[in-house]
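Participant: Below is one structure. I have some questions about it.
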Amino acid sequence: MKKNYLFLVSIVLLITAACGGNQKDEVIDMNDITPQAKHKEPIVKAEEKASDYGFNRTVADSIGLKVMEIDSVEEPFFVDRFSPRSQTKVYLQLKEDKILFCQWTFKDSVKTKNAFYNWIDCYGEKCKSIHFGQNVNFQKDNFRLFMNETSITYISSPLKLSTKDWQAYLKSVSGMEEWKLIIEQSTRGRAKWMRFFDDKLEELTPQK
């Protein structure tokens, strides 16, 4: 009886082993047992929406600039050669025309001045040499240039440009208020150079 029992147990074990040998390991898909999060659009904060390529559209609206579209400027500028820490170069498309807005920031005042003086020494496509304070026409279009210890901001357009409005923009965006130098020039006009003396903006004596 005992032998028969052992014989039956052996047969059962053999059958079980044979069946197990024919089975493949089952691969479990973790997606089947883990709850899947539904896809959500990334949350964009209001301040991020207001910024396009480093330009703050919301602040621009506050000074009356109704910017319809902002495009990044890919072509190189002379100032790019002087290793700025950061730069913003964009075209602001308005209903009437567009405005070129460029801003470069540098490590210190030495690098800022070096970039500026080299730029005016070879200005524009014709590499026009311009002396500091010179009463000269830089270019055909209107432009404004703001320079402080560590940045140069250049704004150019066939449209009229308000120095006061752009000062307000820069102050609101980055706290820039007093400038080492401001240059403004109207279409086909001559440049006016201004600096702060005793907290007042004064025009430099024009040089011929």
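The values are calculated or read from the model by the stated rules, or taken from the named source; none is laboratory data. Please read all numbers here as calculations on a predicted model, not as lab measurements. Positions of Cβ are backbone-derived with ideal geometry, glycine not excepted, and every protein chain shown enters the neighbour counts.
Participant: Can you name the residue in the range 115-129 that is small (Gly, Ala, Ser) and in a loop (DSSP other than H, G, I, E, B) and is also nearest to residue 87 (Cα to Cα) among such residues?
Facilitator: Of the range 115-129, the ones small (Gly, Ala, Ser) are 115, 124, 129.
Going one step further and asking which of them are in a loop (DSSP other than H, G, I, E, B), we end up with 124, 129.
Working: 124: 19, 129: 24 Å.
It comes out as 124.
Participant: For the range 115-127, name all the residues that are surrounded by fewer than 18 Cβ atoms within 10 Å (Cβ to Cβ) and within 19 Å of residue 204 (Cβ to Cβ). Steps first, answer last, please.
Facilitator: Step one: filter the range 115-127 for residues surrounded by fewer than 18 Cβ atoms within 10 Å (Cβ to Cβ), giving 117-118, 121-127.
117, 121, 123 - these are the residues of the range 115-127 that are surrounded by fewer than 18 Cβ atoms within 10 Å (Cβ to Cβ) and within 19 Å of residue 204 (Cβ to Cβ).
Participant: Something else about it: Taking the condition modelled with pLDDT of 85 or more, touching a Ser or Thr at 6+ places or on another chain (Cβ under 7 Å) and either under 27 Å from residue 159 (Cα atoms) or part of a helix (DSSP H, G or I) (or both), does residue 67 pass? Don't jump to the end; show me each part of the working.
Facilitator: Details: modelled with pLDDT of 85 or more: yes; touching a Ser or Thr at 6+ places or on another chain (Cβ under 7 Å): no; either under 27 Å from residue 159 (Cα atoms) or part of a helix (DSSP H, G or I) (or both): yes.
The answer is no for residue 67.
Participant: For the structure I just gave you, tell me whether residue 112 is assigned to a helix (DSSP H, G or I) and within 30 Å of residue 61 (Cβ to Cβ).
Facilitator: Details: assigned to a helix (DSSP H, G or I): yes; within 30 Å of residue 61 (Cβ to Cβ): yes.
Yes; evaluated as a whole, the condition is true for this residue.
Participant: May I pose another question? Report, ordered by the first and then the second residue, all pairs with beta carbons closer than 9 Å, sequence separation of six or more or different chains, a first member in the range 149-163 that is basic (Lys, Arg), and a second member that is not in a loop (DSSP other than H, G, I, E, B).
Facilitator: 160/142
Participant: I've got another one for you. When only residues in the range 50-64 that are touching a residue at least 60 places away in the same chain (Cβ under 8 Å) and of a type outside the set (A, V, I, L, M, F, W, C) count, which is farthest from residue 155 (Cα to Cα)? Give the steps one after another, and end with the answer.
Facilitator: Quick first cut of the range 50-64, residues touching a residue at least 60 places away in the same chain (Cβ under 8 Å) only: 56, 59-60, 62-64.
Checking which are of a type outside the set (A, V, I, L, M, F, W, C) leaves us with 56, 62, 64.
Numbers: 56: 14, 62: 18, 64: 16 Å.
By that ranking, first place goes to 62.
Participant: To continue, here is another question. Do we find a residue being of a type in the set (Gly, Ala, Ser) and crowded, with 17+ Cβ neighbours inside 10 Å anywhere in the range 96-114? Break it down into steps so the answer makes sense when it comes.
Facilitator: First pass over the range 96-114, keeping only residues of a type in the set (Gly, Ala, Ser): 109.
Subset that is crowded, with 17+ Cβ neighbours inside 10 Å: none.
No, that holds for no residue.
Participant: Filter the range 139-152 down to the residues that are under 21 Å from the mean Cα position of the chain (by Cα) and farther than 19 Å from residue 204 by Cα, then identify the one that is surrounded by the fewest Cβ atoms within 10 Å (Cβ to Cβ).
Facilitator: 150
Participant: Restricting attention to the range 162-189, and to residues there that are in a loop (DSSP other than H, G, I, E, B) and of a type in the set (Lys, Arg), which single residue is surrounded by the fewest Cβ atoms within 10 Å (Cβ to Cβ)? Reasoning before the result, please.
Facilitator: The first filter runs over the range 162-189 and keeps only residues in a loop (DSSP other than H, G, I, E, B), leaving 162, 175-180, 186-189.
If we keep only those that are of a type in the set (Lys, Arg) too, we end up with 180, 188.
On the way: 180: 15, 188: 10.
Ranking the qualifying residues of the range 162-189, first place goes to 188.
Participant: Please find, among 138, 132, the residue that is among the hydrophobic types (A, V, I, L, M, F, W, C) and either in a strand (DSSP E or B) or within 21 Å of residue 158 (Cβ to Cβ) (or both). Before the answer, list the steps.
Facilitator: Working: 132 fails: either in a strand (DSSP E or B) or within 21 Å of residue 158 (Cβ to Cβ) (or both).
Exactly one of 138, 132 is among the hydrophobic types (A, V, I, L, M, F, W, C) and either in a strand (DSSP E or B) or within 21 Å of residue 158 (Cβ to Cβ) (or both), namely 138.
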